[in-house]
1. Before we move on, is Asn9 assigned to a helix (DSSP H, G or I), at pLDDT below 75 and not β-branched (Val, Ile, Thr)?
2. Assuming Arg213 fulfils every condition listed in (1) in contact (Cβ under 8 Å) with a residue 24 or more places away in the chain; (2) in contact with a strand residue (DSSP E or B) (Cβ under 9 Å, 6 or more places away or on another chain) apart from one, which condition is it?
3. Hey, among Glu186, Glu192, Glu200, which residue is acidic (Asp, Glu), open to solvent by 70 Å² or more (accessible area, probe 1.4 Å) and either under 20 Å from Ala252 (Cα atoms) or touching a residue at least 24 places away in the same chain (Cβ under 8 Å) (or both)?
4. Taking the criterion of being among the acidic types (Asp, Glu), out of contact with any strand residue (DSSP E or B) (no Cβ under 9 Å at 6 or more places or on another chain), at pLDDT 85 or above and buried (at least 16 other Cβ atoms within 10 Å of the Cβ), would at least one residue in segment 243-256 satisfy it?
5. Being among the hydrophobic types (A, V, I, L, M, F, W, C), open to solvent by less than 60 Å² (accessible area, probe 1.4 Å), under 18 Å from Phe18 (Cα atoms) and modelled with pLDDT under 95 narrows it down to one residue among Ile225, Ile233; which is it?
6. Can you tell me which of Leu112, Leu169, Leu160, Leu180 is modelled with pLDDT of 85 or more and open to solvent by 50 Å² or more (accessible area, probe 1.4 Å)?
7. Going through segment 15-25 one residue at a time, which ones are of a type outside the set (Val, Ile, Thr), buried (at least 17 other Cβ atoms within 10 Å of the Cβ) and closer than 15 Å to Arg188 by Cα?
8. Taking the options Ser300, Ser259, Ser276, name whichever one is of a type in the set (S, T, N, Q), closer than 19 Å to Glu201 by Cβ and modelled with pLDDT under 90.
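The values are calculated or read from the model by the stated rules, or taken from the named source; none is laboratory data. Values in this document were obtained by computation on a predicted structure and should not be read as measured data. Cβ: placed from backbone, ideal geometry, glycine included. Neighbour counts: every protein chain shown. Side chains included, ligands, DNA and RNA excluded: accessible areas come from the protein's heavy atoms. Shrake-Rupley method; radii C 1.70, N 1.55, O 1.52, S 1.80 Å.
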Amino acid sequence: MGQRDLAQNDYLNDRYRFADMCNGILFGGDMVVRPEELLECSGDIVYHEGTGRRKIIPDKVRLWNGLYLAVVSVENQAMVDYSMVFRMMKEEAIGYERQWNERERELRAKGLLGKRTRLCWKGKGEIFIPVVPIVIYYGTDKLWDGATCLYDMIDMNEALAPYIMNYRLNLFDYHNCKDLSVFKTENRELFEVLSCAKSEEAMDTLVYQNEERYEELAYDAAQTICDIAGIDITLIKRVKEDGSEVACMYKAWDDHRKSGIREGRKEGVLETRVESIRSLMKNLSITMEEAMDVLEIPKSDRERCIKLV
């Protein structure tokens, strides 16, 4: 698991963000999944592949409303994975198989599963928890251009379509979301920053026009946003009276921009000095050191001038 994946996993440990992610993606921002209804659930799924065993670890799994409503799995992707349809089909099937096997173990432990009943108990009257996997695409280089359903990936005669079950991804690509205000937690800022990450001008507009929202973000959320978006700014952690850790992303971005402007100005002055040195050396037939003396260039800048001349 890469650094970005780890950051996303920790970020979604927060029940409010996890619930908000589900509500924003599945229910248009309506408060359907409530944080207090979410329970921890193991995300480890082991399945057999040939003679070996392979483990799938979804980024975050929560149990919602006890046992009867849903297990929501959030699968994070920062790059387009063209096999995602197959991966999620397998992961969803394994989720149901795991429930099936757990039920079998429960019955065996209670002495209700004998040799004759082992095969016949499965099916009738057994109720399983729905598995709802969500694929979130965080890529900044391009829109998701992979398949979104099984039909996109198979060579199929149209006459056979009614007999081949289609599998569709619950895919969220923030590029296609027209209203990010459906997210009520830092998820909104996360997707906003991702949408502007490739343009400093767009980031300027976003941060400066929304100063109030970017003035105080949870520190771990602000750090995750920067990690996922690939933005190199220095966040200063501040501990509030209630013990919560926050960071001012607005100030961090503003400092970053001002530093860049200052560096740009320095580079501009340096280029002008280098051209002047070359001109004096050519027109007056003097050495580089003599030219720098004439221009009164500080000793601290002379080494860089020498390298550029």
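1. Numbers: assigned to a helix (DSSP H, G or I): yes; at pLDDT below 75: yes; not β-branched (Val, Ile, Thr): yes.
Yes; evaluated as a whole, the condition is true for this residue.
2. (2)
3. Criteria check complete, one pass: Glu200.
4. yes
5. Only one candidate qualifies: Ile225.
6. Leu160
7. In the first step, residues of segment 15-25 are kept if they are of a type outside the set (Val, Ile, Thr); the result is 15-24.
Applying the additional criterion that residues be buried (at least 17 other Cβ atoms within 10 Å of the Cβ) yields 15, 17-24.
Correct list: Arg17, Phe18, Ala19, Asp20, Met21, Cys22, Asn23, Gly24.
8. Ser259
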